[in-house]
Amino acid sequence: MIINRNILTLDEFTIQQLRQIPNATGELSSLLRDIGLAAKRINVEVNKAGLVDILGDAGSVNVQGEDVKKLDLFANTQMVGVLKHGISCAGVGSEELDDFVVFDDEISNNSKYVVLMDPLDGSGNIDVNVSIGTIFSVFRRVSEQGTPCTQADFLQAGVRQVAAGYIIYGSSTMMVYATRRGVNGFTLDPSIGEFSLSHPNIQCPPSGKFYSVNHGNFFQFSEGVRKYINVCQQKTVETGGPYSQRYIGSMVADLHRNLIKGGIFMYPTTKDKPAGKLRLLYEANPFAFIVEVAGGKATNGKQRILDIVPTEIHERTSLFIGSRNMMEELESYIDEDL
Ligand code: AHM
């Protein structure tokens with residue numbers, strides 16, 4: 001087999017993008033490179049999770065009250081470490097940490113960005129070899145450069161994101177990231193240890209065949225959501241169907257599939273989780289940014305996800321996200337709930 005060595009690596013691609021922006025400092029490229037490095041380290045551990053004693057609970061409970069798996073801790077340490085040692089990030093907020101971390105050293109205080117992340121989403125699936133992922137969101141600071149970052153930097157509406165992305169540790173490992181210029185996907189080439197551009201300019205198809213929701217919660221959903229799910233199940237060729245139900249329970253895997261193939265993903269509020277399950281800052285915001293740049297839509301059922309101004313870093317939200325036409329049809333049903 002002849003291997004094409006002309007494919008751009010992540011670093012080459014971000015530098016090429018940088019050259020097109022007058023006065024760019026290269027900090028975002030550097031930050032994405034740092035995240036790519038952490039992703040490669042996490043990938044190695046995820047891949048060998050079945051072989052070494054890294055599986056299983058670390059024995060503590062995170063701030064969300066969920067068991068923390070050892071790999072969650074490893075991923076968190078790697079992500080925080082590369083960002084702290086890099087030159088582009090003033091602080092981080094993580095699903096795994098009670099509060100945001102201010103790096104507060106001379107280089108970090110002078111850097112432009114803060115990062116919010118879920119270091120290892122879907123970690124409940126680690127033990128059964130299902131794809132899991134890392135999700136990240138990048139904001140330009142609102143606090144003054146040269147000083148430590150502040151809470152206000154982390155509590156910005158998602159529309160102010162500069163970049164967002166995810167890494168999926170699946171049958172191959174991919175990093176997908178979006179800036180306002182577009183969404184691009186890079187597959188880890190193990191032969192050279194580099195993420196290489198494999199999915200340039202990703203567009204979310206306006207319609208798809210997949211709807212993704214936890215059906216076990218059906219009777220806890222609002223009337224509008226239940227009506228829409230019934231519509232999904234009754235789609236025929238004449239009405240753009242049939243739809244298939246696909247739900248892995250690992251958000252990165254579910255949304256990666258729907259982004260590429262077209263589809264809709266829903267995690268509505270339930271009676272048990274009246275504020276929703278997913279986190280606005282670590283899960284909903286970054287995916288809403290990626291999907292909107294790719295042509296899709298994301299709402300909490302009442303407003304656009306990216307317009308929500310958060311009041312605390314671990315805030316939860318309901319989430320409806322996906323292909324534009326499917327989202328518009330959904331909205332015609334859930335508007336009745338308002
Ligand atoms: P986690 O932070 O405990 O990993 O939970 C997040 C995950 C998402 O990846 C996924 O979409 C969702 O929880 C699945 O929840 P459920 O099992 O309730 O359907």
**Report entry** Qualifying residue in the range 251-273 (condition: more than 15 Å from LYS297 (Cα to Cα), in a strand (DSSP E or B), within 18 Å of the chain's Cα centre (by Cα) and near the ligand (Cβ under 8 Å from one of its atoms))
**Finding:** no
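Which of the residues spanning the range 179-192 are over 16 Å from the mean Cα position of the chain (by Cα) and either under 22 Å from TYR282 (Cβ atoms) or open to solvent by 30 Å² or more (accessible area, probe 1.4 Å) (or both)?
Of everything in the range 179-192, those that are over 16 Å from the mean Cα position of the chain (by Cα) and either under 22 Å from TYR282 (Cβ atoms) or open to solvent by 30 Å² or more (accessible area, probe 1.4 Å) (or both) turn out to be ARG181, THR187, ASP189, PRO190, SER191, ILE192.
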**Report entry** Scope the range 227-238; condition of a type in the set (Val, Ile, Thr) and either open to solvent by 60 Å² or more (accessible area, probe 1.4 Å) or away from the ligand (no atom under 16 Å from the Cβ) (or both); matching residues
**Finding:** VAL231, THR236, VAL237
Report summary line: The one condition VAL176 fails out of (1) under 15 Å from the mean Cα position of the chain (by Cα); (2) more than 16 Å from the ligand (Cβ to nearest atom); (3) buried (at least 23 other Cβ atoms within 10 Å of the Cβ) is (2)
Report task. May I ask you to list pairs of residues, at least six apart or on different chains, whose Cβ atoms are under 9 Å apart, with the first in the range 279-306 being on the phi > 0 side of the Ramachandran plot and the second being surrounded by 21 or more Cβ atoms within 10 Å (Cβ to Cβ) and modelled with pLDDT under 95? Result -> GLY301/ILE334
Report summary line: Being away from the ligand (no atom under 16 Å from the Cβ), open to solvent by less than 40 Å² (accessible area, probe 1.4 Å) and in contact (Cβ under 8 Å) with a residue 40 or more places away in the chain narrows GLY276, GLY241, GLY224 down to just GLY224
Query raised in the report: So is TYR228 over 30 Å from ASN129 (Cα atoms) and either in a strand (DSSP E or B) or among the hydroxyl-bearing types (Ser, Thr, Tyr) (or both) or not?
Result: yes
Query raised in the report: Among the residues of the range 300-314, is any touching a helix residue (DSSP H, G or I) at 6+ places or on another chain (Cβ under 8 Å), within 14 Å of the ligand (Cβ to nearest atom) and modelled with pLDDT of 95 or more?
Result: yes
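Residue under question is ILE248, and the condition is that it be β-branched (Val, Ile, Thr), open to solvent by 30 Å² or more (accessible area, probe 1.4 Å), within 16 Å of the ligand (Cβ to nearest atom) and not in a helix (DSSP H, G or I); does it hold?
It is true that ILE248 is β-branched (Val, Ile, Thr), open to solvent by 30 Å² or more (accessible area, probe 1.4 Å), within 16 Å of the ligand (Cβ to nearest atom) and not in a helix (DSSP H, G or I).
The values are calculated or read from the model by the stated rules, or taken from the named source; none is laboratory data. Model, not experiment: these values are computed from the prediction. Reconstructed Cβ throughout: ideal geometry from the backbone, glycine too, with neighbour counts over all protein chains shown. Calculation scope for accessible area: heavy atoms of the full protein, side chains included, ligands and nucleic acids excluded. Shrake-Rupley method; radii C 1.70, N 1.55, O 1.52, S 1.80 Å.
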